[in-house]
1. Considering amide H positions built from the backbone, and no H for Pro or chain starts, which residues 5 or more places from Ile569, or on another chain, come under 5 Å of its amide H?
2. Against the longest principal axis of the chain, how steep is helix 105-114, in degrees 0 to 90 to the nearest 10, with axes from Cα atoms?
3. At a 1.4 Å probe radius, carbon and sulfur cover how many percent of the accessible area of the stretch 375-501?
4. Suppose a student asked you for the relative contact order of the stretch 289-386, using Cα pairs under 8 Å spaced at least 6 residues apart; what percent would you report?
5. Tell me, what is the 1.4 Å probe accessible area of Glu532, in Å² to the nearest 10?
6. Report, in whole Å, the centroid distance computed from the Cα atoms of the stretch 47-77 and the stretch 145-215.
7. What nm distance separates the two modelled labels at Lys11 and Asn344, each placed 7 Å from Cα along Cα→Cβ?
8. Only loop residues by DSSP count here, and only those with at most 13 other Cβ atoms within 10 Å; note down the trypsin sites (Lys or Arg not before Pro) in the stretch 427-480 that meet that.
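The values are calculated or read from the model by the stated rules, or taken from the named source; none is laboratory data. All of these numbers come straight from a predicted model, not from anything done at the bench. Positions of Cβ are backbone-derived with ideal geometry, glycine not excepted, and every protein chain shown enters the neighbour counts. Calculation scope for accessible area: heavy atoms of the full protein, side chains included, ligands and nucleic acids excluded. Shrake-Rupley method; radii C 1.70, N 1.55, O 1.52, S 1.80 Å.
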Amino acid sequence: MCGIVAYTGPKKAYPILIKGLKRLEYRGYDSAGVALLNGDIHTYKRKGKVSELEGFAEGKDLSGSTGIGHTRWATHGKPDNINAHPHRSGDGDLVLVHNGIIENYSVLKEALKKQGHTFESETDTEVLVHLIEEIKKQEELPLEEVVRIALTKVIGAYAIVVIDKNEPTKIVAARKQSPLVIGIGENEYFVASDATPIVEHTKHVVYLGDGEIATVERGEELQIKTIQDNETQIPFVQKLDMQIEQLEKGGYDYFMLKEIHEQPKTIADCMRGRVSSEDGWVLLGGIEEQLSRFLNANRIIIVACGTSWHSGLIAEYLIEDLARIPVEVEYASEFRYRNPIIDNKDVVLAISQSGETADTLAALELAKDKGALIYGIVNSVGSSIARLTDAGSYIHAGPEIGVASTKAFTGQVTLLTLMALSLAKKKGTISDEYFQRLITELEKIPGKVEQVMKTNEQVQYIAGEIKDAPNALYLGRGYNFPVALEGALKLKEISYLHAEGYPAAEMKHGPIALIDENMPVIVTCTNKSAYEKIVSNVQEVKARKGIVIAIVTEGEKEISRIADYTIEIPDTEEPLTPLLSVIPLQLLSYHIAVMRGCNVDQPRNLAKSVTVE
Ligand code: G6P
């Protein structure tokens with residue numbers, strides 16, 4: 001949801017900014033821009049991808065060793081060259097980039113207009129840079145103080161970075177509900193929305209806290225203050241545990257394909273040190289820390305958005321089935337505004353790949369205020385959700401760059417399986433024999449996912465057969481119902497085809513009316529319980545001439561006989577089937593999107609990290 005990168009140091013800023021923006025492009029790609037400070041400020045902005053900006057900037061004055069860059073996901077104002085960031089003050093001395101929304105921008109804009117300010121763009125961001133300019137005019141103060149005063153007048157969410165022509169080696173950065181990371185190098189500083197543009201330059205970072213403003217100046221110590229109270233904070237320097245190879249495509253055409261193929265490893269990484277079938281245990285540090293709150297919880301409420309919400313639905317099946325704790329799964333955006341009943345006997349679990357989704361963060365804050373234990377299942381280390389929660393577990397999937405989530409989903413489901421098993425064991429709601437069987441099987445999942453990858457060519461063939469159908473229906477029961485939702489979401493996200501996920505038995509209450517000889521119906525039939533029911537659901541589709549693509553367990557005969565296409569996956573314990581059955585659905589949407597000429601990693605209108613409401 002907009003990417004920010006900034007640099008000040010002895011090197012040329014432009015190549016660092018451009019490379020950084022490419023790393024951040026997954027956050028938004030409507031337009032991109034840079035501002036370089038070299039005596040004067042040169043600003044270059046272009047609608048479209050960072051590569052458009054690069055082409056446009058070629059041959060121009062790209063000198064300067066302080067600069068800021070931005071890649072945009074439009075909120076206020078259409079994506080074009082004028083609305084692109086950075087935005088300049090009226091006198092041209094200040095430039096600013098922003099991620100988030102200034103909610104009171106129209107009131108501020110009217111007041112500024114009365115003071116003689118004129119605006120070029122339709123953005124809320126330009127209002128902020130004019131507000132800073134206005135305060136600066138009234139009083140001679142250092143840039144950081146002027147910016148801080150301006151921010152006390154702002155309502156909304158933001159991460160901003162500002163530079164001033166008159167203080168050429170200084171960068172001021174501030175955040176409220178949108179992430180910012182500061183990289184500390186040798187006589188140089190970096191600021192970015194996440195660590196990906198920083199990791200190749202330095203491993204030493206400070207995650208700016210919510211409501212804080214930072215000043216970095218070459219040759220000076222990093223300064224951090226609170227925006228509201230102007231209180232000095234001590235920076236907490238952390239060491240990044242990220243490898244540069246994780247940010248490259250590594251020979252794959254798209255990040256999404258790379259990330260799909262990484263899953264045997266990421267699932268294994270998620271389990272490492274947390275389960276041993278040999279010794280018969282499952283252990284999650286975060287749960288151990290808060291064990292009595294979990295064991296005495298009246299219920300677990302899961303809040304999440306998008307793909308993470310689908311993992312939450314699988315967790316509902318897992319935790320209720322194995323640990324017998326009531327679970328509710330809520331869209332974070334609904335939960336936060338519906339005055340939910342929560343108290344200190346509840347555990348609220350946030351699932352988020354990025355750890356920055358605005359709605360999930362706000363839902364957690366609400367739950368915290370009401371006294372619930374708040375727990376995070378997060379991929380991005382050091383993210384806002386990870387820092388807000390009382391306890392939590394990282395999924396350790398490494399950076400996920402493709403906008404459509406794949407390895408984070410299976411990482412989340414793996415972690416939630418471990419959580420359900422650990423709670424079940426502690427509560428005594430699972431027999432020793434079943435527990436042992438499940439953990440033994442769980443350890444085999446990475447190998448079985450590897451085996452599912454071998455269906456790739458077959459899935460690609462099926463993709464070719466159905467790529468032109470305007471709609472698709474995904475069906476599943478029990479543990480595979482959320483998988484159907486996830487399969488449909490993947491197709492919508494990256495191939496722009498309409499798709500719906502449904503519990504297989506619910507189909508006859510509506511979607512069945514849509515079925516004809518042109519409708520592909522992707523059914524996950526790997527359930528052992530209710531198997532006959534699924535067979536009947538498939539029959540119902542075939543009786544209406546739908547095209548059935550069935551995901552079945554190796555050796556299955558009945559459905560394979562009636563389906564148009566079958567994809568076989570290895571047998572496993574029923575609660576673990578989502579980890580295998582989702583893989584062909586990820587591959588199917590990937591191949592359809594490629595065949596339809598879509599940009600798989602950067603689908604239109606979407607962003608990887610949604611830090612606005
Ligand atoms: C965006 C992404 C999705 C993701 C959702 C929730 O919509 O495009 O892939 O599932 O946000 O993000 P989170 O980071 O909280 O899991």
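1. Under 5 Å from the amide H of Ile569 lie the amide H atoms of Val552, Thr553, Glu554, each far enough along the sequence or on another chain.
2. 20
3. Taking all protein chains in place, the stretch 375-501 shows 50 percent carbon and sulfur surface.
4. Reported as a whole number, the value is 30 percent.
5. Result for Glu532: roughly 130 Å² accessible.
6. 19
7. 5.1
8. For trypsin sites (Lys or Arg not before Pro) across the stretch 427-480 that sit outside H, G, I, E and B with at most 13 neighbouring Cβ atoms in 10 Å, the list reads Lys454.
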